[in-house]
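A.B. asks: Here you go, one structure.
The values are calculated or read from the model by the stated rules, or taken from the named source; none is laboratory data. What you see is a predicted model; the values in this text were computed from it and never measured. Cβ atoms come from the backbone with ideal geometry, glycine included; neighbour counts cover every protein chain shown.
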Amino acid sequence: MKFKTIVADLDLLINFITSFKSDKIIKLVRVTLTNQKISFSSYCGNSNLKIFAGVKLGMVFKKTTLESQTGEIVFDVNLGNLLQSLKSFKDGGYDDEIMIKLSRRNNESVLSIHGNKKGVNSSSIEQYVPVEMSKKLNDNSYIEPSIPDPPVYLVLPSTKDLESIVKTMTNVSKEVQLDANMAGEMSFSVKNELYQITSKFENLGIPSIEGRSPPTKDINVKQSTVIDIQHLRIFLKCKYFMPTSLICCMIENFNVVLHALRDEMEAYITYYLPVKENEDKKNI
């Protein structure tokens, strides 16, 4: 098993990882490397929040060597440690020809990250990020679920528009109710003993699914559900990798599935936000 590569776009790699990192919820992620892409899978058992992300290998790496009997290399890594290491190379100016390779150090698997600094006083540094080679490859916690066809799916407003709303709502309630229909209407609502806030959007687009043209819209099809507002805030961190499209799929008694896409799926992050049981919904 062998993996060695040069970082082609350090900023994109840092911003991509930042988009789904959360100190409070998500620390350990499963990384899958192939010759086509690098994938991240994360699961928080306490909240049932799941995030799956992928980026085309050529967008972030170059001169890659990957050797494995299965055609892929899978390991678990502390996302905070990996991100801190990558940022230290950028902040310290050691961002010339950053090389990452899978190796062994003190009988443990590590990602060895080596960077150079050009200039009069040229120098180099090397850091080691511990990883655990995955043995439970069929662990359902890290396998992206199959989702039924969503009754309601819409193109979301920009992260900038949503951020201002969610920031205000966070001070009112820990939960937010989403209501949407195939007429392109969507609302976000919160309330407590003193306040009630509802923000509405109209004329939202209907995206194509798997390349299929949007079906004839039935304005009578609608969905209503309640989710944890902190999960919505985690989704909004996708702004860091500058997605070109945001899509919301609402599936009753399953998940609110949020897609952040960039450059025609060359980079994507999918967030599976667990919904509250019907009896827990707030009558807002």
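A.B. asks: Only residues in segment 117-130 that are of a type in the set (A, V, I, L, M) count as the first member; pair them with residues that are surrounded by fewer than 15 Cβ atoms within 10 Å (Cβ to Cβ), Cβ under 9 angstrom, at least 6 apart or cross-chain, and list the lot.
C.D. replies: Matching pairs, first to second residue: I125/S88; I125/G92; V129/Q84.
A.B. asks: Also: Output the number of residues of segment 36-56 satisfying the condition of being surrounded by fewer than 19 Cβ atoms within 10 Å (Cβ to Cβ) and not basic (K, R).
C.D. replies: Qualifying residue count for the region: 5.
A.B. asks: Just one of the numbered conditions (1) in a loop (DSSP other than H, G, I, E, B); (2) free of Cβ contacts under 8 Å to residues at least 60 places away in the same chain; (3) in contact with a Ser or Thr (Cβ under 9 Å, 6 or more places away or on another chain) is not true of S146; which one?
C.D. replies: Going through the list (1) in a loop (DSSP other than H, G, I, E, B); (2) free of Cβ contacts under 8 Å to residues at least 60 places away in the same chain; (3) in contact with a Ser or Thr (Cβ under 9 Å, 6 or more places away or on another chain), S146 breaks only (3).
A.B. asks: Next up: When E97 is evaluated against the numbered criteria (1) within 24 Å of I234 (Cα to Cα); (2) touching a residue at least 40 places away in the same chain (Cβ under 8 Å), which criterion, by number, is the only one it fails?
C.D. replies: All conditions pass for E97, except number (1).
A.B. asks: Name the one entry in S158, S208 that is modelled with pLDDT under 90 and loosely packed, with under 15 Cβ neighbours inside 10 Å.
C.D. replies: Answer to the check: S208.
A.B. asks: Under 6 Å between Cβ atoms, at least 6 apart or on separate chains: pull out the pairs that start in segment 160-188 with a residue that is of a type in the set (F, W, Y) and end on any residue that is crowded, with 20+ Cβ neighbours inside 10 Å.
C.D. replies: Close Cβ pairs satisfying both conditions: F188/V176.
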